[in-house]
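These notes concern the structure reproduced below.
The values are calculated or read from the model by the stated rules, or taken from the named source; none is laboratory data. Note that the structure is predicted; figures quoted are calculated from it, not measured. Please note: Cβ atoms are built from the backbone with ideal geometry, for glycine as well, and neighbour counts cover all protein chains shown.
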């Protein structure tokens, strides 16, 4: 009986190592908010996005491969979104201090293609992505981004506005 237990334990260990040999990236968008650009008067959509790795295997995200579509409630269609590349610029709003603190506007960074995008089990990648949008009535997002294995990771979420 000890041999059977040893075989089962060995198979379990082998299965666990094979399962954890590739990164498993999960993408989560906990909230978003919309604003107007003070200079251009464009509508902007700010998404707080979090990339988490469920394994011990490190991975990278290539933000330059990010493609996003937003679902418009008005037209009932998906529209491609143009990501703005604000390099290390903080988002400024006219929100109250409490609202800014709740949304992490002054704390969270704006993600850029030049940032280090290493994602480890104990070090998720999170921050704001900003998109120029045509109107202000979007309720869903879908898209893809490539990881270090050049695998396309899917992004799909309802937008939770604040």
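Condition check: at pLDDT 90 or above and more than 23 Å from residue 150 (Cβ to Cβ). Does residue 48 satisfy that?
yes
Scan (1) at pLDDT 85 or above; (2) more than 27 Å from residue 59 (Cβ to Cβ) for the single condition residue 129 breaks and write down its number.
For residue 129, the exception is condition (2).
Listed here are the residues, each with its yes/no results for (1) farther than 16 Å from residue 44 by Cα; (2) surrounded by 15 or more Cβ atoms within 10 Å (Cβ to Cβ); (3) over 17 Å from the mean Cα position of the chain (by Cα).
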| position | (1), (2), (3) |
| --- | --- |
| 76 | yes, no, yes |
| 80 | no, no, no |
| 95 | no, yes, yes |
| 102 | yes, no, yes |
| 105 | no, yes, no |
| 111 | no, yes, no |
| 114 | yes, no, no |
| 119 | yes, yes, no |
| 125 | yes, yes, no |
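Name every residue in the range 133-148 that is farther than 14 Å from residue 66 by Cβ, at pLDDT 85 or above and surrounded by fewer than 17 Cβ atoms within 10 Å (Cβ to Cβ), in order of residue number.
Filtering the range 133-148 down to residues farther than 14 Å from residue 66 by Cβ leaves 133-140, 148.
Filter once more, keeping what is at pLDDT 85 or above: 133, 138-140, 148.
Within the range 133-148, 139, 140, 148 meet the criteria.
Within the range 64-72, can one find any residue that is closer than 24 Å to residue 131 by Cα, within 16 Å of the chain's Cα centre (by Cα), crowded, with 16+ Cβ neighbours inside 10 Å and modelled with pLDDT under 85? Can you show your working first?
At the first step, the residues of the range 64-72 found to be closer than 24 Å to residue 131 by Cα are 64-72.
Then keep just the ones that are within 16 Å of the chain's Cα centre (by Cα); that gives 64-70.
Restricting the remaining residues to those that are crowded, with 16+ Cβ neighbours inside 10 Å gives 66, 68-70.
Retained after the next criterion (residues that are modelled with pLDDT under 85): none.
No, there is no match, as no residue in the range 64-72 is closer than 24 Å to residue 131 by Cα, within 16 Å of the chain's Cα centre (by Cα), crowded, with 16+ Cβ neighbours inside 10 Å and modelled with pLDDT under 85.
In the set 155, 61, which member is touching a residue at least 60 places away in the same chain (Cβ under 8 Å), surrounded by 14 or more Cβ atoms within 10 Å (Cβ to Cβ), within 19 Å of residue 45 (Cβ to Cβ) and within 17 Å of the chain's Cα centre (by Cα)?
Criteria check complete, one pass: 155.
Given the structure, is residue 97 in contact with a strand residue (DSSP E or B) (Cβ under 8 Å, 6 or more places away or on another chain), at pLDDT 85 or above and over 16 Å from residue 60 (Cβ atoms)?
Answer is no for this residue.
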